[in-house]
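The structure appears below as structure tokens.
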Amino acid sequence: MPIDPKPTASHYINGEYVEDTAGTPIDVIYAATGEKIAQVHSATPEIIDRALNAARDAQAAWAALTGTERGRVLRRAADIMRARNRELSELETYDTGKPLQETLYVDATSAADALEYFGGLAGALTGEYIPQPGGDFVYTMRKPLGVCVGLGAWNYPTQISCWKGAPALACGNTMVFKPSETTPLCALKVAEILTEAGAPPGVYNVVQGLGDVGAALTTDPRVAKVSLTGSVPTGKKVYSAAAAQMKHVTMELGGKSPLIIFDDADLENAVSGAILGNFYSTGQVCSNGTRVFVHKAIKAAFLKRMAERLDGAVIGDPMDEATSFGPMVSAAQREIVLGYIEKGKEEGATLAYGGAVIEGPGNYIQPTIFADVTDDMTIAREEIFGPVMAVLDFEEEDEVIARANDTEFGLSGGVFTQDLTRAHRVIAAVDAGTCYINTYNLAPVEAPFGGMKGSGVGRENSKEAINSYSEVKAVYVAMNDVEAPF
Ligand code: NDP
């Protein structure tokens, strides 16, 4: 029997669950059945105020701990998450509909990796000594920013809450996290686990709500930084609202990333990479390589092998560990994806695989491939955020690089080739922040993750994330008399 997904209460503030039924109800719908499995309430202005006050009041004492002490809390939380991986994975499956086959290996585990990694780094966040003439010197200190707000998308609710929370807390900030209204459950568990691991009350708070709650958090003067994972249109709104008060931002936004497969590629590996980059999590991954440029010479073989491999997908109950392809997160998201499939047909692309709803309960849809896609088609230009792969033909290296870069986005990019120098040459020319050679979509916590151009600002994970959650203060120290002109 899977766990009961109902949360203790809607919000988590100051180290405890808090309810306020005056907020608009938000139903939590299980994507696999369409059943309502829980309900939370959107944060009222009082709840938002309480959460921000709790985070503000807790921040100075949290920052005054040594980095090692803060890190110990994060590392304990990582251990608890690993010990409870099954329970957390089932909750992630209830929240998102992603199959347990994925969530058991990717969600709480990558969240725990972030807690462990930034827990380890916390004690090493030191300043610099910069010598100056005459024995003078400058020293630097790394200061936390204060209260950080995290705004999450619905595709990886556990992971996103920790990719933001772990570096923020490691640096001595406190956080108010607002999950997507579609997936409100997992972040509450993260907050509960952090408390159990020893995080003082107020250090990590969760409030529920729609965009209006996110907007209220973004514009509040108590907030020093906003980190969003979401779509480009939301990113533009949040970035400009934050700019009005000169707040720091991290923007992890959408993409339409190119995956370039040359004719000398190992075909089986390329097909595997294209599967990971288009159909994992039912295609609901920001970094997906959804514009698959396939060299003309191997196009037929590629499409044939893709179809054979997709025939092997096990579509069904996400709680069954044999299932490898689950439903879309919501009926609304499935409608958006179906709209793009219609557009693809209308604009003359060849529907090479799938394309239909799977009848019955839940938001199921077939994995879908379009071939003969051209650069100007809507399905080649806009982010679909569903299991729809667009295959585009190419012949020349220069041509494919120019076409790969002809997009407002710049999150990811990949190349499959056995030619070593070509692999590095091509990937160096792709304007994207997170790239792959002969694989796709791996996101280890030790490596920076994030986008260029319209896909965002700043990086998550790795030591780079420290720069996003702290600022450097320089202090000039004179060891000599002060010389003034008069
Ligand atoms: P949205 O942009 O719709 O929402 C993201 C979050 O922002 C949600 O919590 C949302 O609340 C909130 N929000 C919406 N409007 C505002 C506002 N005006 N002010 C403050 N907060 C607001 O994204 P989705 O949840 O639909 O997620 C899908 C998108 O996320 C895709 O475009 C995808 O590419 C991107 N994404 C990017 C990733 C990356 O790392 N680059 C990773 C994963 C996804 P609510 O939805 O509850 O209304």
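Just so it is clear, none of the values below were taken in a lab; they were calculated from the coordinates. Fair warning: this is a prediction, and the values are worked out from it, not measured in the lab. Positions of Cβ are backbone-derived with ideal geometry, glycine not excepted, and every protein chain shown enters the neighbour counts.
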Taking the conditions exactly as written (crowded, with 23+ Cβ neighbours inside 10 Å and over 22 Å from Val176 (Cα atoms)), does Thr93 satisfy them or not? yes
Filtering region 345-371 down to residues that are buried (at least 20 other Cβ atoms within 10 Å of the Cβ) and β-branched (Val, Ile, Thr) yields Ile365, Thr368, Ile369
TODO: Answer yes or no: is there a residue in region 34-55 that is of a type in the set (A, V, I, L, M, F, W, C), in contact with a Phe, Trp or Tyr (Cβ under 7 Å, 6 or more places away or on another chain) and closer than 30 Å to Asp320 by Cα.
DONE: yes
Handout entry: Qualifying residue in region 456-477 (condition: aromatic (Phe, Trp, Tyr) and in a strand (DSSP E or B))
Key = yes
Matching residues in region 311-329 (touching a residue at least 24 places away in the same chain (Cβ under 8 Å) and either out of contact with any strand residue (DSSP E or B) (no Cβ under 7 Å at 6 or more places or on another chain) or buried (at least 19 other Cβ atoms within 10 Å of the Cβ) (or both)) number 13
Would you say Gly97 is over 27 Å from Ala58 (Cα atoms), within 16 Å of the ligand (Cβ to nearest atom) and touching a Gly at 6+ places or on another chain (Cβ under 7 Å)?
yes
When restricted to Glu464, Glu399, the only residue surrounded by fewer than 24 Cβ atoms within 10 Å (Cβ to Cβ) and closer than 30 Å to Trp163 by Cα is Glu464
Only one of (1) of a type outside the set (A, V, I, L, M, F, W, C); (2) part of a strand (DSSP E or B); (3) within 16 Å of the ligand (Cβ to nearest atom) does not apply to Arg142, and that is (3)
So the strands (runs of 3 or more DSSP E) completely within region 293-407 holding 1 or more residues that are more than 16 Å from the ligand (Cβ to nearest atom) and among the acidic types (Asp, Glu) are 388-394
Taking region 233-275 and keeping only residues that are surrounded by fewer than 19 Cβ atoms within 10 Å (Cβ to Cβ), closer than 24 Å to Gly386 by Cβ and either within 15 Å of the ligand (Cβ to nearest atom) or acidic (Asp, Glu) (or both), one is left with Pro233, Lys236, Lys237
Per the filter on region 148-205, residues more than 21 Å from Ile47 (Cβ to Cβ), part of a loop (DSSP other than H, G, I, E, B) and among the hydroxyl-bearing types (Ser, Thr, Tyr) are Tyr156
- Boolean, Asp4 is over 21 Å from Tyr117 (Cβ atoms) and of a type in the set (Asp, Glu): yes
Note on region 214-232: residues more than 6 Å from the ligand (Cβ to nearest atom), assigned to a helix (DSSP H, G or I) and buried (at least 24 other Cβ atoms within 10 Å of the Cβ) are Leu217
